[in-house]
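Read the structure below first, then the notes.
The values are calculated or read from the model by the stated rules, or taken from the named source; none is laboratory data. What you see is a predicted model, and the numbers here were worked out from it, not measured in a lab. Positions of Cβ are generated from backbone atoms using ideal geometry, with glycine treated the same way; all protein chains shown enter the neighbour counts. When the accessible area is computed, the model is the full protein with side chains, heavy atoms only, and any ligands, DNA or RNA have been set aside. Shrake-Rupley method; radii C 1.70, N 1.55, O 1.52, S 1.80 Å.
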Amino acid sequence: MSSADKTIRLTTAQAIVRYLANQYIVIDGQEQRVCGGGFAIFGHGNVTCLGEALYEHRAALPVYRGQNEQSMGFAAAAYTKQHLRQRFMFCTASAGPGTTNLLTAAALAHANRLPMLLLCGDTFITRLPDPVLQQMEHFNNPTLGVNDAFKAVSRYWDRITHPAQIIQALPAALATMLDPADCGPAFIGLPQDVQGWAYDYPADLFNKKVHRIRRQGPDADEMADAVALLKSAERPVIIAGGGIQYSRAVAQLSALAERHSIPVVQTIAGRANMLESHPLNIGPIGVTGSDSANAVARQADVVVAIGTRLQDFTTGSWTALAKDARIVALNAARHDAGKHQSMPVVADAKLAMAALSANLGDYAAPADWLAFAKDERTKWDAYVADNVRIGNGPASYAQAIGVVNQHCGKRDRIVVAAGGLPAEVTANWRTLDIGTVDVEFGFSCMGYEIAGGWGARIAQMESEPEADTIVMVGDGAYLLMNSDIYSSVLSEKKLIILVLDNGGYAVINKLQNNTGNTSFNNLIADNPTVTNPFTVDFESHARAMGATAETVSHPGELADAFARAKASEKTYVICMQVDAHEGWTKQGHAWWEVGTPHITDNESVRAAHLEQEAGRHLQRKGI
């Protein structure tokens, strides 16, 4: 009998797990499983069959017990970010509400182009016991269920109705997750009966396979067009996005910029593409950027956008770039390379930047342009130095950021997400080493902070256990999702967490006020249904979940507390109150389009609307 004729009889669930355990990838010369394990909350829809299969492979595919399905997905997203999309985690949830709790996490992974495998329980394919517990009945379409909602937030979606289907479904899901242009979450719905059905699978399906992530070279004609345009530039700038890190191409970015004297500005996702000390790093661009980067971008005549999807916080809702500036977009994804009639170069960033530099020859940006960019950066550095200085005003996010930045290790990873902290970190953080900043602003998802920190720490301990993962979170996001403090203590994955309490959703209160509105329902003190507002004892709450915790009353006490956190063997939470109204970073902002009322009886709202609309004349309209 040839090997092609050999079979092995397994349940669907057993076959899925065995397949995953035999998929590998080479990272920095070391062969590793491409699936690092998974997060699970078991219920009747996944415990009896998938749970049984995972137990048998618990050494090869470690399973972390989740506290919340959404936070499991956030942890999986942060894990693959830390691994630069070269490894992923699976998440499994039971049928019904357990699975729908993963929708937000899937959307985050989809928006950020992050691989994640979702193995979710589904209703019985035979329909014999229908309607079953937690089943949503659609009266006119019995094939429709809650799992269909994932079609909008998955790059690959399938529902397994027969055991043989995974022979095609699993390789397709893996190919999607490892495709640099198309990667994102893969969803596989597993009906409860089909999970346990047995099939004679080809034994070769479970052979060890070593995957490689494709590097697509640039098209010669696209490259020639890009080179010709860039050679004509008098004021070129590079917008460096997160795709550069995923391509492992930060060295090529520096080489391109240095050889041709081109200033570099960074997106939020690309925040750690260059060290802060690099002379061509002109700062972060956009709505939550820097005066230096925005000044350079506004005057640039040719913009080379590399590994970025050019979202509105990068482009200032398309006002950050001059209307007549030409854009060259180097991107692995065709969709991102063609935005706003850019000149596309659809290719891997590493290969494309090397080819671009080689074809540019001796071209260099004019010296006066480079001098202008560096001068703007010098002025921005002076502003940031004063902005993070303790004593420049009430306790602020910026002051806390400055203390942590000064005392952290250069390979420590900083994790923040929604609210005011992403803007404050983007503007004020001084990058100490490459790839050490995770600002989740692709989907801007509250609750990612602590869960993402846990996932990042799991990945970090696989390669850099001596470094720390540092989470900064506001009180609002902490209250939304905090249970992975407990997860981190249980799993011995130490986090350092700063809880910065400003009494509610202060950054949205700031937006509310900036658009002429009265403070309402954002700060706890401004909630009309709250008659006796009080502050949460975050220190005691964190202690109740097993962490070591303390509260400091002033940023001046933060350095010593941070040193104690660094020395701790387990998760350490530092709590501090910051001012809700004063201390925000006031410079570095580009125009941002938000909807404001065109008709109102409120004079301050009307005035704010007119001021908002006054910025629209700078907006590029699709070109």
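A few remarks follow.
Residue-wise test of (1) more than 22 Å from HIS407 (Cβ to Cβ); (2) among the polar types (S, T, N, Q).
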{"site": "TYR448", "(1), (2)": "yes, no"}
{"site": "ALA451", "(1), (2)": "yes, no"}
{"site": "GLN460", "(1), (2)": "no, yes"}
{"site": "SER483", "(1), (2)": "yes, yes"}
{"site": "SER487", "(1), (2)": "yes, yes"}
{"site": "TYR505", "(1), (2)": "yes, no"}
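- Residue under evaluation SER444, criteria (1) at positive phi; (2) over 19 Å from the mean Cα position of the chain (by Cα), criterion not met: (2)
- Residue match in the stretch 572-594 (condition: touching a Leu at 6+ places or on another chain (Cβ under 6 Å), assigned to a loop (DSSP other than H, G, I, E, B), open to solvent by less than 80 Å² (accessible area, probe 1.4 Å) and not aliphatic (A, V, I, L, M)): no
- Among the residues listed as ALA75, ALA109, the single one being over 23 Å from LYS151 (Cβ atoms), open to solvent by less than 10 Å² (accessible area, probe 1.4 Å) and either touching a residue at least 60 places away in the same chain (Cβ under 8 Å) or touching a His at 6+ places or on another chain (Cβ under 8 Å) (or both): ALA75
- Only one of the listed residues (GLY556, GLY516) is surrounded by 18 or more Cβ atoms within 10 Å (Cβ to Cβ) and out of contact with any Phe, Trp or Tyr (no Cβ under 7 Å at 6 or more places or on another chain). That residue is GLY516.
- Options VAL437, VAL499, VAL507, VAL489; residue that is under 13 Å from LEU421 (Cβ atoms), open to solvent by 30 Å² or more (accessible area, probe 1.4 Å), β-branched (Val, Ile, Thr) and touching a residue at least 60 places away in the same chain (Cβ under 8 Å): VAL507
- Residue within the stretch 206-215 that is closer than 30 Å to ASP122 by Cα, at pLDDT 95 or above, open to solvent by less than 40 Å² (accessible area, probe 1.4 Å) and outside any loop (DSSP other than H, G, I, E, B) present: yes
- Lone unmet requirement of (1) hydrophobic (A, V, I, L, M, F, W, C); (2) in a helix (DSSP H, G or I); (3) out of contact with any strand residue (DSSP E or B) (no Cβ under 6 Å at 6 or more places or on another chain); (4) open to solvent by less than 80 Å² (accessible area, probe 1.4 Å) for LEU610: (4)
For (1) closer than 21 Å to ALA77 by Cβ; (2) in contact with a strand residue (DSSP E or B) (Cβ under 7 Å, 6 or more places away or on another chain); (3) open to solvent by less than 40 Å² (accessible area, probe 1.4 Å), each residue gets a yes or a no:
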{"position": "ALA149", "(1), (2), (3)": "yes, no, no"}
{"position": "ARG155", "(1), (2), (3)": "yes, yes, no"}
{"position": "ILE160", "(1), (2), (3)": "no, yes, yes"}
{"position": "ALA164", "(1), (2), (3)": "no, yes, yes"}
{"position": "GLN168", "(1), (2), (3)": "no, no, no"}
{"position": "LEU174", "(1), (2), (3)": "yes, yes, yes"}
{"position": "ALA181", "(1), (2), (3)": "yes, no, no"}
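- Looking only at the stretch 449-474, residues that are assigned to a helix (DSSP H, G or I), in contact (Cβ under 8 Å) with a residue 60 or more places away in the chain and open to solvent by 10 Å² or more (accessible area, probe 1.4 Å) come to 1 in all.
- Residue in the stretch 427-434 that is open to solvent by 10 Å² or more (accessible area, probe 1.4 Å), more than 18 Å from HIS278 (Cβ to Cβ), assigned to a loop (DSSP other than H, G, I, E, B) and at pLDDT 95 or above present: no
- Residues of the stretch 77-101 satisfying the condition of being in a helix (DSSP H, G or I) and of a type in the set (D, E, K, R): LYS81
Residue-by-condition table, conditions (1) in a strand (DSSP E or B); (2) at pLDDT below 95:
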| residue | (1), (2) |
| --- | --- |
| MET223 | no, no |
| ALA228 | no, no |
| ALA233 | no, no |
| ILE238 | yes, no |
| ALA251 | no, no |
| LEU256 | no, no |
| VAL265 | yes, no |
| ARG271 | no, yes |
| MET274 | no, no |
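- Residue match in the stretch 525-539 (condition: buried (at least 17 other Cβ atoms within 10 Å of the Cβ) and within 30 Å of CYS408 (Cβ to Cβ)): yes
- Here the condition is being assigned to a helix (DSSP H, G or I) and in contact (Cβ under 8 Å) with a residue 24 or more places away in the chain; of THR161, THR104, it holds for THR104 alone.
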